[in-house]
Amino acid sequence: MGTKVSPGTISNLNKKAYEHIETWRTRPLSGDYPYVYVDGVYLKRNWGR
């Protein structure tokens, strides 16, 4: 906060981060992966008023 960072520094950091992200994104998947599905629907119940 309050520190200036050059565009070149940001670019270099992004390149390093994206290398790790791409490795993670393209990794082989094996085994079971449990998941939870969450729905964001909210219904208000004041129909009788």
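The values are calculated or read from the model by the stated rules, or taken from the named source; none is laboratory data. The structure presented is a predicted model; accordingly, all values stated were derived computationally and were not measured. Methodologically, a virtual Cβ is constructed for each residue, glycine included, from the backbone with ideal geometry; neighbour enumeration extends over all protein chains shown.
What are the residues in the range 23-49 that are among the acidic types (Asp, Glu) and at pLDDT 90 or above, if any? Once the filter is applied, which keeps residues that are among the acidic types (Asp, Glu) and at pLDDT 90 or above, the range 23-49 yields only Asp32.
Here is a yes/no grid of residues against (1) loosely packed, with under 10 Cβ neighbours inside 10 Å; (2) in contact (Cβ under 8 Å) with a residue 12 or more places away in the chain; (3) acidic (Asp, Glu):
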position	(1), (2), (3)
Gly8	yes, no, no
Asn12	no, no, no
Ala17	no, no, no
Glu22	no, no, yes
Arg27	yes, no, no
Pro34	yes, no, no
Val38	yes, no, no
Val41	yes, no, no
Arg45	yes, no, no
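Would you confirm whether or not the range 8-23 contains a residue that is under 24 Å from the mean Cα position of the chain (by Cα) and not in a helix (DSSP H, G or I)? No, because not a single residue in the range 8-23 is under 24 Å from the mean Cα position of the chain (by Cα) and not in a helix (DSSP H, G or I).
Given the criteria free of Cβ contacts under 8 Å to residues at least 60 places away in the same chain, over 20 Å from the mean Cα position of the chain (by Cα) and surrounded by 10 or more Cβ atoms within 10 Å (Cβ to Cβ), does Thr3 qualify? So Thr3 does not fit the description; no.
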